[in-house]
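Only the coordinates and a few stated rules stand behind these numbers; no lab work does. Because the structure is a prediction, the values reported are computed rather than measured. Here Cβ is always computed from backbone atoms with ideal geometry, including for glycine, and neighbour counts include all displayed protein chains.
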Amino acid sequence: MAALPASGRPAPVQGRGKAKGPRPKHVPQRMCVACREHDAKRGLTRVVRTPEGSVELDPTGKRNGRGAYLCGRRECWERALRTNALARALNVPIDDDTAALLRRHAETLAPTGTADDPTSPHPGGR
């Protein structure tokens, strides 16, 4: 039988516990309101309902207000506006002028592949 140290407790076992080295960096995850896929917060675009009630793009991701995230696929922006997913996420109706502004932004995004394209991130043309 091994002798106990003076404290009366067994000595800690070496080699157990936390791994040495730098801690991995935490990457915040957010979900696209249209396709419901998770991605890094920086990889998505935030749309914010400001405290005044207007809906605007938030390229910094830091503006005050309720936010919703959309990925960089044109189809997701079109779906979010067509199905009112963005309006539901922001808890505010989106007027025609704001919807036109968001559609203009969506037109600057590259379209994804077609339903027959195996490299498309949305299989089946989702």
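For a straight C-alpha distance cut-off of 20 angstrom, the aspartates and glutamates reachable from Lys25 (same-chain residues fewer than eight places away being disregarded) are Asp39.
Listed by Cβ neighbour count within 10 Å, with the fewest neighbours leading, Glu37, Glu75 appear as Glu37, Glu75.
Here the spin labels are modelled as points 7 Å beyond Cα on the Cα-Cβ line, and at Arg36 and Asn91 they lie 2.2 nm apart. Between the listed residues Ser54, Ala68, Gly43, the Cα displaced farthest toward the positive end of the dipole of the range 41-97, a dipole computed from Cβ unit charges relative to the Cα centre, is found at Gly43.
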